[in-house]
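Worksheet: the structure to be examined is printed underneath.
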Amino acid sequence: QVQLVESGGGLVQAGGSLRLSCAASGRTFSRYTMGWFRQAPGKEREFVAAITWGGSLNYADSVKGRFTISRDNAKNTVYLQMNSLKPEDTAVYYCAAVWSAGSSTSREAYDYWGQGTQVTVSS
């Protein structure tokens, strides 16, 4: 069982930056693939980024070059550094985990979810 708690959301102007954190419980954090998803009002929850236990990275095309996912296994934490933010990045951001060596962009592949943190980008 894994519990995930996100933090770091907030209000930022377009072009600004935010860093989201996701703290995970459990002693086997390093064996989980971790993902970030987001959901804007009236839209489906969509994939943002993922990092496997081996450090392989995967990004949605919409955030490539602007967002960076990373993990600190010693701290049981995964991060999402978001730069050059745009109003269309406004959403609730969710952290997710799955016991897997591979990376997945599908929300159905993930077993554990955090409660989400709001990111609002003003124009």
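In the set 20, 11, 85, which member is touching a Gly at 6+ places or on another chain (Cβ under 7 Å) and either surrounded by fewer than 18 Cβ atoms within 10 Å (Cβ to Cβ) or in a loop (DSSP other than H, G, I, E, B) (or both)? Steps first, answer last, please.
Numbers: 20 fails: either surrounded by fewer than 18 Cβ atoms within 10 Å (Cβ to Cβ) or in a loop (DSSP other than H, G, I, E, B) (or both); 11 fails: touching a Gly at 6+ places or on another chain (Cβ under 7 Å).
Selected residue: 85, the only one of 20, 11, 85 that is touching a Gly at 6+ places or on another chain (Cβ under 7 Å) and either surrounded by fewer than 18 Cβ atoms within 10 Å (Cβ to Cβ) or in a loop (DSSP other than H, G, I, E, B) (or both).
Please find, within region 23-37, the residue that is farthest from the chain's Cα centre (by Cα) out of those that are of a type outside the set (S, T, N, Q) and outside any strand (DSSP E or B).
Residues of region 23-37 of a type outside the set (S, T, N, Q): 23-24, 26-27, 29, 31-32, 34-37.
Applying the additional criterion that residues be outside any strand (DSSP E or B) yields 26-27, 29, 31.
Details: 26: 18, 27: 20, 29: 15, 31: 17 Å.
Within region 23-37, the match that is farthest from the chain's Cα centre (by Cα) is 27.
Can you name every residue in region 88-120 that is hydrophobic (A, V, I, L, M, F, W, C), surrounded by 13 or more Cβ atoms within 10 Å (Cβ to Cβ) and outside any strand (DSSP E or B)? If the condition is that a residue be hydrophobic (A, V, I, L, M, F, W, C), surrounded by 13 or more Cβ atoms within 10 Å (Cβ to Cβ) and outside any strand (DSSP E or B), then 109 is the only one that fits.
Does residue 112 satisfy the criteria of being more than 12 Å from the chain's Cα centre (by Cα) and not small (Gly, Ala, Ser)? Criteria met by residue 112. Of the residues making up region 38-49, one or more are among the polar types (S, T, N, Q) and assigned to a strand (DSSP E or B).
Going by the structure shown, is residue 52 within 16 Å of the chain's Cα centre (by Cα), open to solvent by less than 50 Å² (accessible area, probe 1.4 Å) and of a type in the set (S, T, N, Q)?
Working: within 16 Å of the chain's Cα centre (by Cα): yes; open to solvent by less than 50 Å² (accessible area, probe 1.4 Å): yes; of a type in the set (S, T, N, Q): yes.
So residue 52 fits the description; yes.
Evaluated against (1) out of contact with any helix residue (DSSP H, G or I) (no Cβ under 6 Å at 6 or more places or on another chain); (2) exposed (fewer than 15 other Cβ atoms within 10 Å of the Cβ); (3) touching a residue at least 60 places away in the same chain (Cβ under 8 Å); (4) not β-branched (Val, Ile, Thr), residue 123 falls short on exactly one condition, (1). Taking the numbered list (1) under 23 Å from residue 14 (Cα atoms); (2) open to solvent by 20 Å² or more (accessible area, probe 1.4 Å); (3) of a type in the set (A, V, I, L, M, F, W, C) in turn, residue 57 passes all entries but (1).
Residue by residue, here is whether (1) under 23 Å from residue 1 (Cα atoms); (2) hydroxyl-bearing (Ser, Thr, Tyr); (3) in contact (Cβ under 8 Å) with a residue 60 or more places away in the chain holds:
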{"position": "17", "(1), (2), (3)": "no, yes, yes"}
{"position": "34", "(1), (2), (3)": "yes, no, yes"}
{"position": "51", "(1), (2), (3)": "yes, no, no"}
{"position": "60", "(1), (2), (3)": "no, no, no"}
{"position": "65", "(1), (2), (3)": "no, no, no"}
{"position": "68", "(1), (2), (3)": "no, yes, no"}
{"position": "99", "(1), (2), (3)": "yes, no, yes"}
{"position": "119", "(1), (2), (3)": "no, no, yes"}
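The values are calculated or read from the model by the stated rules, or taken from the named source; none is laboratory data. Nothing here was measured: the structure is a model prediction, and the numbers come from that model. Methodologically, a virtual Cβ is constructed for each residue, glycine included, from the backbone with ideal geometry; neighbour enumeration extends over all protein chains shown. The area values use the complete protein model at the heavy-atom level, side chains included, leaving out ligands, DNA and RNA. Shrake-Rupley method; radii C 1.70, N 1.55, O 1.52, S 1.80 Å.
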